[in-house]
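The values are calculated or read from the model by the stated rules, or taken from the named source; none is laboratory data. What you see is a predicted model; the values in this text were computed from it and never measured. All Cβ positions, even for glycine, are placed from backbone atoms using ideal geometry, and neighbour counts span all protein chains on display. Protein only, heavy atoms only, side chains kept; ligands, DNA and RNA dropped before computing areas. Shrake-Rupley method; radii C 1.70, N 1.55, O 1.52, S 1.80 Å.
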Amino acid sequence: MRIPFPQENLFLGSNFFYKALRFRFFGSENLEKPAGMTLTLESMPGSSGYLDMYPERKISYFKNPYVLGLTFVAGIGGLLFGYDTGVISGALLYIKDDFEVVRESYFLQETIVSMALVGAIIGATTGGWLNDSYGRKKATLISDIIFAVGAVVMAAAPDPYVLILGRLLVGLGVGVASVTAPVYIAEASPSEIRGGLVSTNVLMITGGQFISYLVNLAFTEVPGTWRWMLGASGVPAIIQFILMIFLPESPRWLFMKNDKSKAISVLSKIYDFARLEDEIDYLTAQVEEERQKRANVRYLDVFRIKEIRLAFVVGAGLQAFQQFTGINTVMYYSPTIVQMAGFENNQLALLLSLIVAAMNAAGTILGIYLIDHFGRRKLALSSLSGVFVSLVILSVSFFFESSSSSGIYGWLAILGLALYIAFFSPGMGPVPWTVNSEIYPESYRGICGGMSATVNWISNLIVAQSFLSVADAVGTGPTFLILAVVAVVAFVFVIVLLPETQGLTFEEVENIWKERARGREQGTQSLLEEGDES
């Protein structure tokens, strides 16, 4: 039996590919390898040229339940992140009631919130190494164990200082997961829906925040209120650990580790046979090249090699601006902000914050659709425009709230919060994570992904550790005005530096940086071929 291979869409691959297909699908030795195959960007599987030639091979979001299953389970790591972000904002109201020393110290309140971010910085820093050395699956399992232990420590904490230790452990787990989940999802995703699937991880983050507010409300009248709120965070970690045991490793990582039979088994569940042939042959050729590069991978190369440096500046910059435009100021402290606006009742503050969290989740669902139809760049720019307007409204409301007794400015602050989330969640929520999952070469994806996530967590820490103190020192209105100025800077950053990566393969994106670094004529050279130039 001889299978016809379309000459225009295949790549030079290894004999293994053909042996694997014989074994996997035919049990036959009669599958012949065609001659004369050539590699072109337009014929890459998943590229716009390839899908134009073979539109019937395009995969939609709901066409393959297996891919959705992988995405959902990996995305539980995002849910852990979101739950931890949201639950502490409500729990803090009751922690202050139990511990007088916390109630009397803004610094201690900020430390309880931000110690998880210190752990996340450490977790994200080591997460890249864990991902590259042990795989995406094992890194996820490790993060689940650490998170679950941290949840138990928080729930049982006899004083604020043990609680801070538990927050540190939870942060370690979240930090590793924040690196692992987007990469795992991206590497298992067809390129035409990669943006939406990676954004599902962000939906899990916002969904986790919404669930945390529901849990906060559910336990407001239960003895040991904040202990139940924080202890419940271990449940999704345990669920993900159990489910992840039954899921495969990322197919691209398996190819990198030369475990091709397992990789092909995974890919065969993602693509139909016609496209599977091309995907395997393509990965075989590409991963062999990446393996040669990986032997010389060093952290210093991120800054020394110009094309990697350009990609990292964009990826890390987006992560920093995501935080410095204030999203986790809103999510960590939204009940406190609501109380600052004049709504002092704890339950009412949590209820209004729940509405904000629901809008956040709904906006992310919209972002999942828009990111692969509207594009990363346009989505980020439109999002930042709305964020700027919303922050100005918040600033104005707090400027006048203290001098007014009517309460109208308090409601204006709530409107500003709602608009902020409505604009932020579809754009600057998913775009930084999606871009960072796709702009780095395979050999540097773990390292750069970990470093950019670390930038996110450091930025997050700075904002969380300083918001209450800055607001107390200069006023809440000026504080939001500062964030509005940052949004303008972020807008300019995106216009100048962010390329559009919608629908591109990893290698097409890599070629963008090569062209920017060396010019179009040298754009197809090997990534490390001229590594000494910078």
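Please compute the per residue accessible area over segment 61-140 with all protein chains in place, 1.4 Å probe, rounded to a whole number of Å².
Values: 2720 Å² over 80 residues.
Roughly 34 Å² per residue, with all protein chains present.
Listed values for segment 465-476 are Karplus-derived 3J(HN,Hα) couplings in whole Hz (6.51 cos²θ - 1.76 cosθ + 1.60, θ = phi - 60°), namely 7, 10, 4, 5, 5, 5, 4, 5, 7, 10, x, 5, and x replaces Gly and Pro. Surface exposure of segment 173-268, expressed per residue as accessible area with a 1.4 Å probe, stands at 30 Å².
Phi angles of segment 415-424 translate, via the Karplus equation with coefficients 6.51, -1.76, 1.60 and θ = phi - 60°, into HN-Hα couplings of 4, x, 4, 5, 5, 4, 5, 4, 8, 6 Hz per residue; Gly and Pro are given as x. Taking all protein chains together and rolling a 1.4 Å probe, LEU79 ends up with roughly 30 Å² accessible.
Heavy-atom accessible surface of ARG298, to the nearest 10 Å², is about 120 Å², with a 1.4 Å probe and all protein chains retained. Within the full protein context, the accessible area of TYR161 is estimated at about 140 Å² for a probe radius of 1.4 Å.
Note on ASN258 and ILE408: the extension gain reaches 47.6 nm, defined as 0.36 nm multiplied by sequence separation minus the Cα-Cα distance. Ranked from largest to smallest solvent-accessible area, with a 1.4 Å probe on the protein heavy atoms, MET451, MET154 come out as MET451, MET154.
How high is the FRET efficiency from SER466 to MET53, r the C-beta distance, R0 60 Å, rounded to 0.05?
On the way: r = 53 Å, r/R0 = 0.89.
For SER466 and MET53, the calculated efficiency is 0.65.
Surface composition of segment 104-162: carbon and sulfur make up 75 percent of the accessible area, probe 1.4 Å. Counting only protein heavy atoms and a probe of 1.4 Å, the accessible surface of segment 191-265 is 73% carbon and sulfur.
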